[in-house]
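Working notes, beginning with the structure itself.
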Amino acid sequence: MRKGLFTVLTIVCLATFMACSGGKDKPGEQPGGATGHVTAGKKEYQFVSEDFEQGNRPGATGNAMLRTEKGFYHYNDTLGGFRYYDAATGKEMFLCNKPECRHDGNEFCVATNEKYTVLDYCLYGERLMVFAAEVTETQVLYKVLALALDGASMDEVATVLTLERSPDMSIYTSRMYLHRNKALLTFTTGASYEQEDTMHNGTALLDLNTKNVTFFAEEPLAKENEETTDITAYGDYFYYCKKEGKKTVLHRYHIEDGTDETCKLLTNFTGDYAVLEEDYIVYLRSSQKALCTYRFSTGENEEKVMLYEKVPKYDFYGNLIHETEEGVPAQGLVTDGTYLYVPQATIHFDVPYLDGRVEEWTEAESACIRVFNKELEEVTVLNLAEQLPLENGEYDCSAEESISLRTTHNLGFRYMGEDIYWCPVSVLGHSVTDQTVENHVYHCKRSAFLTGEPEFEFVYKYNID
């Protein structure tokens, strides 16, 4: 399965995807106590230009919490709609303030409107921006929507792409990134990832001011188009990756003049990078083993930090058996503009012996974040599994019937000013067929995080499956 998979959806089943009952909310409850009525349809918005908010984005793994000063937003697949958690009251509800609404997928419900299939979403311009597909009997229409943060309205901003609908069409990896009133959008459709010859990819740039759409290839959606992945933005540029043969190549696209340049990075670039300045990025190479730097003005590459070290292993008689690479692989890169955060977690790996044997090893579970300054000098290392307040009354992760999966993927790590949020996924249940998948949100202050002594506090949890 390709990296960055966010939504896998068979178009034939769309009619029931977002339908839901009234849930645990009472009819007419309103996020934040706001009043008003839903006004679905088209509305001309004047967007105030904002920079891409890297530290507060939904992720491809279900870690989709978005933070504001007043509360949290997320899309809930189980309940079939957008949810809002009010930080002041500790109450969660559907993001819809229509009085007496049952949140059952009706066309006036902001949270569950089944006219649209949600593909991606983010906060921008004091609105919840949504990338969605509207499916008719003959067409699939990709649209950008704007939702009021109090659940009062859902409006269409623009239709980006219209496709003829085929019976076996499914939508994959459709993402949206907003920066300086431009929306970079990706599309992937096909029968299934197992049938690669059916996959069609496309990338488009939507100007929120003019509603003009520019496609990055001659054909908006085609088998020949490589999938666009690992997108971010900084200054005048969008950054993204594409496969060229077996190589992953980093591109830099100027949002005003449309020029596109490729970055000549060291071999074995993994597709993970962070933009610290307009002329300076840090990236991972060699299976997340090395941190490297690159400057656009000079083309200078430098391998700066090895996240692994080679350790010789000997038998009882002192004979060398093999060399193993000890360390924890990086799971991505995050930057707040001042510091670089490197989430790390263990994985399976193969150990080749000198006699030709290969054995599969698994390191003990570990979840940590290493923090570096811009010069890639290490500031602190935190073992997050040890930092969590496990005895919070929510669940006992030491119980035999409980399966605890703590992820430190960069998309589960958020920051907002002085606030840092970590959103590990917990899988609870007696068996694979009897499980509840939840996000658990924890909070600490950045100043304490950087000293190596954060005090994580449990905020709330929500089901994601």
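The values are calculated or read from the model by the stated rules, or taken from the named source; none is laboratory data. Note that the coordinates shown come from a computational prediction; the quantities given were computed from them, not determined experimentally. Every residue, glycine as well, gets a Cβ built from its backbone with ideal geometry; the counts of neighbours run over all protein chains shown. Only protein heavy atoms, including side chains, enter the accessible area calculation; ligands, DNA and RNA are left aside. Shrake-Rupley method; radii C 1.70, N 1.55, O 1.52, S 1.80 Å.
Structure values in brief
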item	result
Sulfur and carbon atoms: percent of accessible area, segment 151-300 [1.4 Å]	43 percent
Average Cα contact separation per residue, segment 226-278, under 8 Å, 6 or more apart, as relative contact order %	28 percent
Interchain or long-range residues, amide H under 5 Å from ALA217's placed H	THR203
Sequence-distant residues sharing a close amide H with VAL157 (under 5 Å, placed H)	VAL144, LEU145, ALA146
Spacing of the two label points (7 Å from each Cα toward its C-beta) at GLU302 and SER286, in nm	1.7 nm
Pair SER166, VAL379: separation of 7 Å Cα→Cβ label points (nm)	4.9 nm
Descending Cα extents along the principal axes, segment 224-266, whole Å	30, 26, 16
Descending semi-axes in Å of segment 202-313, equivalent ellipsoid built from Cα gyration tensor	30, 17, 11
Distance between modelled label sites at ALA217 and GLN46, nm, 7 Å Cα→Cβ extension	3.9 nm
Label zone at THR198, where the point sits 7 Å out along the Cα-to-Cβ direction: segment 160-178 residues whose backbone N lies under 18 Å	163-174
Probe 1.4 Å, accessible area per residue of segment 63-165, Å²	33 Å²
Taking only Cα atoms of segment 117-270, radius of gyration then Dmax in Å	16.0, 50
